[in-house]
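The values are calculated or read from the model by the stated rules, or taken from the named source; none is laboratory data. These numbers were taken from a predicted model, which means no experiment stands behind them. For neighbour counting, all protein chains shown are included, and Cβ atoms are generated from backbone atoms with ideal geometry for every residue, glycine included. With ligands, DNA and RNA removed, areas are computed over all heavy atoms of the protein, side chains included. Shrake-Rupley method; radii C 1.70, N 1.55, O 1.52, S 1.80 Å.
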Amino acid sequence: GASLIWDNIPLRQVGLHIPSNMPYAYKSVKDLDTHLATRSYVSGYQASTDDLTVFMALAGAPPAAAATPHAARWYAHISALVASTFPGTPEGVTGVSGAAAAPAAAAAAAPSKKDKKKGGEDGGKKGPPSAEEIAAMKAAKQAEIEKKIIKDVTKEGGKKGVEIEGAADMGGLEFFCTTMEKPEGELKFLKMSMEAMNEVPDPEGEERRGGSGHVGKMIFSAGTEAMSMVAYVPKDKQNRINATEWLKSVCGDAGVKGELQAGGDAGLASAIAKANPDAGMFTIKMKDAAMAHGFSYLRERGCFPEDTGDDDDDDGDYVYGDDDFPS
């Protein structure tokens, strides 16, 4: 079989199940880095055999960590997990192709039983951690932090998805705008929020989550330095609202001044608006301006009811603001 190196990683050759949101092959480490830019793991929200498969398909750590920071971060974290799970010293094995499999760097660095015994080669003393070990420990710590954030983000997104689903079922809601708190302005986490909102509910789950994939949405999250935005429009509504055009209009608002991110289309788009306190641009105010513009865009196109202010009007059945959706 073909050798698996950084410049050519055909995942199909190592028998990896490819999720629907993942490319069939990484033609370069840059592709892997791009994939991991908005993800902590190859697939899902926890380390899985997908990560192990890709990890073992690589000959070593990224040769240019500065150019591919996301891949380097992921590799260091998986290295730490491998080292803690397989503490023995590998001797190398030969596969069916006849090529010797490269042992995992983290496992190779693990101390042998002899070294662990008192009076071993190092006399039972351990020297200071290497730069690689320090990097792995930092990556592992950061991964634990991200794991908690992801848990909070997906929980919040799942709950809000159910609330939007309920509003759609009761009042015919087709499009909506709302705020997410847990991502704290981080775009990669806000994308996870949207995924959780759109997730198909598990009929056997203890608590219903998601369920709003049929509702077009724009969600916002304000952090300290930036405000992130994600727009989603289901396929059957894209003839009325285009996600990228909707978000582009919001970004053009003088109170937002956001920047569209690459890769958007009619169904999904993302953007970031950076704070500028010297110019009076604060993320909280920017978020409010973005939401107001988002709703206005929908109303102009007849996709959201006009707010008449009349409590007796039928439009009062719709939800207009975040306060109606407590987290």
Solvent-accessible surface ranking, highest first, for K160, K30 at 1.4 angstrom: K30, K160
The answer for A226, listing residues at least 5 apart or on another chain whose modeled amide H is closer than 5 Å to its amide H, is A275
Can you order the peptides 293-302, 148-157 by their average number of other Cβ atoms within 10 Å per residue, highest first? 148-157, 293-302
Placed amide H near A61: partners under 5 Å, 5+ positions off or other chain: none
Whole-Hz ³J(HN,Hα) from phi, Karplus 6.51 cos²θ - 1.76 cosθ + 1.60, for the range 44-55, glycine and proline x: x, 10, 9, 4, 9, 5, 4, 5, 5, 4, 5, 4
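Of the cross-linked pairs K141/K217; K155/K285; K191/K274; K159/K287, which ones have a Cα-Cα span greater than 24 Å in the structure shown?
K141/K217; K155/K285
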Most to least packed among 234-241, 39-46 [average Cβ atoms within 10 Å]: 39-46, 234-241
In sequence order, calculated HN-Hα J values of the range 213-226 (Karplus, 6.51, -1.76, 1.60; Hz; x Gly/Pro): x, 8, 10, x, 9, 10, 10, 10, 8, 9, x, 6, 10, 8
In whole Hz, what ³J(HN,Hα) sequence does the range 195-203 give by Karplus (6.51, -1.76, 1.60; θ = phi - 60°), x for Gly and Pro? 4, 5, 5, 8, 4, 6, x, 7, x
Using modelled amide H (1.01 Å from N, peptide plane; none on Pro or chain starts), what sits under 5 Å from the amide H of F304, excluding residues fewer than 5 places away? R299
Once neighbouring chains are kept in place and the probe is 1.4 Å, which whole percent of the accessible area of the range 155-263 is contributed by carbon and sulfur? 44
